[in-house]
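The next block holds one structure in the form of structure tokens; read it before the comments.
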Amino acid sequence: MFTKTDMSFGVNEVLLASVLGSVVFSVFAAQPLVIVGVTGPITVFNYTVYDIITPRGTNYFAFMCWIGLWSLLMHWALAFTNACNGLKYVTRFSCDIFGFYVAFIYLQKGIQVLTRQWGISGEAAAYLSIMVSLLVLGFGYAGGVIGGSNLFQRHVRKFIEDYGTPLTIIFFTGFVHFGHMKDVDLATLPTSKAFFPTQDRGWFIHFWDIDVADIFIAIPFAVLLTILFYFDHNVSSLIAQGTEFPLRKPAGFHWDIFLLGLTTGVAGLLGIPFPNGLIPQAPFHTNALCVTRQVTDESESGAAKGHTARVVDHVVEQRVSNLAQGLLTLGTMTGPLLVVLNLIPRGVLAGLFFVMGVQALQANGIMLKLLYLARDKNLTPASDPLKRIQRQQAIWYFVALELIGFGATFAITQTIAAIGFPTIILLLVPVRTFLLPKYFTAEELSVLDAPTASPFTMESVGGNFGEEVEGADVAIPTGSERKHEEDEIVERGEASSKMTRRRASFRNETGGDNFEMQRLGSRNRGVSQRSTSRGGRS
């Protein structure tokens with residue numbers, strides 16, 4: 001944004017937007033686990049609006065402010081009309097495509113940072129930036145690999161997993177000053193005066209300094225922004241509350257979209273990028289709060305006998321970590337820390353983009369299916385859910401459709417029509433709901449696709465599409481009821497029951513592929529009780 005908006009948005013604006021989102025959502029949101037900040041898609045939106053509006057002589061900040069104010073009203077209209085009930089139709093199909101797109105945005109921006117170095121600092125600096133970025137990628141990725149391995153003691157392993165990437169950034173910021181590298185003039189992160197905007201202006205935007213016609217021209221832009229945030233933020237929230245996380249506290253999508261409208265309007269008045277839910281940071285945050293335990297397969301026979309697997313016991317659901325990272329982000333706007341940020345070479349930041357992109361791809365459903373298709377079938381475990389599909393061509397067709405959806409979204413963002421990409425993303429939902437069942441059987445879709453979140457999480461928006469229970473009233477246990485039931489299970493010595501062994505064995509054999517695990521895990525946690533009636537709650 002700094003480059004493509006002629007320095008309209010800089011480091012301070014992005015930091016303040018992150019602080020605004022994290023403080024508001026950590027304190028007031030129904031789901032404070034969602035990390036809120038400035039995303040890749042909103043970056044595309046901001047500089048595309050700049051390219052369209054500034055040639056007309058329109059005040060860019062005033063125009064963006066009106067986009068934020070109109071979008072505030074639209075967000076509130078969505079909240080008041082319970083429009084988030086449409087999330088029941090959102091499955092892994094559209095979430096995986098959008099996550100795949102976000103991952104490639106990270107990779108693309110990292111490459112763009114490196115290619116600019118030829119024009120900024122020269123050939124030597126460009127090649128050094130490429131080398132440093134790849135080293136940051138290697139070390140940052142290795143930290144995640146070590147975190148999921150059996151190397152070192154548990155606390156050391158967890159420390160490397162959680163803090164390996166920031167420590168890598170710190171190390172390579174100093175690394176470029178050793179030997180002959182110190183003679184190379186590397187471009188660094190541009191910063192401005194502490195707590196001041198990048199440009200010579202105040203924090204409050206004079207939104208009245210604009211033609212009346214431009215106020216109404218901002219409406220269609222606000223519609224596109226609202227569509228983007230409706231999908232982007234809610235998908236971030238869904239993935240952060242995914243079926244692999246045994247959450248006990250309920251969601252509140254309508255209230256959260258109301259809060260998002262508020263922060264969008266305030267961000268417009270302050271002249272900062274509009275914050276919303278982050279992918280992959282939001283699910284990373286939930287994953288970091290997971291308390292795990294080792295489970296041993298105690299079956300009498302089978303290849304998995306005696307094998308151990310790490311399973312999630314519970315999630316520490318609280319508001320402190322999100323609030324703390326927001327306040328710490330505010331601290332980076334102080335003079336001394338801005339000086340430190342200014343020392344970070346852009347090549348190191350490109351490596352950080354690569355780390356985020358690769359980590360997002362690693363956990364993406366499209367990538368997992370592509371790896372399955374590329375794997376030696378003779379070495380693929382028989383328990384892999386994708387292997388149960390009789391028509392194996394269905395996997396190729398399904399992945400091809402996902403890649404077409406990604407390609408259309410990514411392609412439009414490379415043109416002046418990039419501002420319309422939220423519409424393509426939203427169209428993925430009806431495609432999955434109404435078209436795919438005509439070409440895939442229910443059994444195939446149950447393996448290839450799955451609900452993003454558990455019925456417990458989706459209760460406030462009417463449950464997951466196609467999972468309504470007929471002939472019985474279904475009770476979704478409250479957090480205390482579920483905790484009591486889990487305690488009873490442990491007391492009865494059923495923690496290592498057949499279902500638990502199946503979960504452990506399945507995770508061990510499939511390397512974490514969670515298609516079937518999601519259903520087994522939700523049943524084992526007691527999230528969806530389909531055989532009893534408790535007071536007629538549905």
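The values are calculated or read from the model by the stated rules, or taken from the named source; none is laboratory data. These numbers come from a predicted model, not from an experiment. With ideal geometry, Cβ positions are generated from the backbone for all residues, glycine too; neighbour counts draw on all protein chains shown. Side chains are part of the model used for accessible areas, which takes the heavy atoms of the whole protein and leaves out ligands, DNA and RNA. Shrake-Rupley method; radii C 1.70, N 1.55, O 1.52, S 1.80 Å.
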- Item | Heavy atoms of MET181 accessible to a 1.4 Å probe, total area in Å² rounded to 10 | 40
- Distance (nanometres) between label positions extended 7 Å along Cα→Cβ at VAL431 and SER149: 3.9
- Note on the structure: Using a 1.4 Å probe on heavy atoms of the protein chains only, the accessible area for ILE412 in Å², nearest 10, reads 40
- Query: For the residue pair TRP255 and TYR397, what label-to-label distance in nm results when each label sits 7 Å from Cα along the Cα-to-beta-carbon direction?
  - Reply: 4.4
- Task: Please list the non-local residues whose amide H lies under 5 Å from the amide H of VAL315, H modeled 1.01 Å from N, same-chain partners needing a gap of 5 or more.
- Result: VAL291
- Task: Enumerate the amide H contacts of HIS307 below 5 Å, restricted to partners 5 or more residues apart or on another chain; note that Pro and chain-start residues carry no placed amide H.
- Result: ASP297
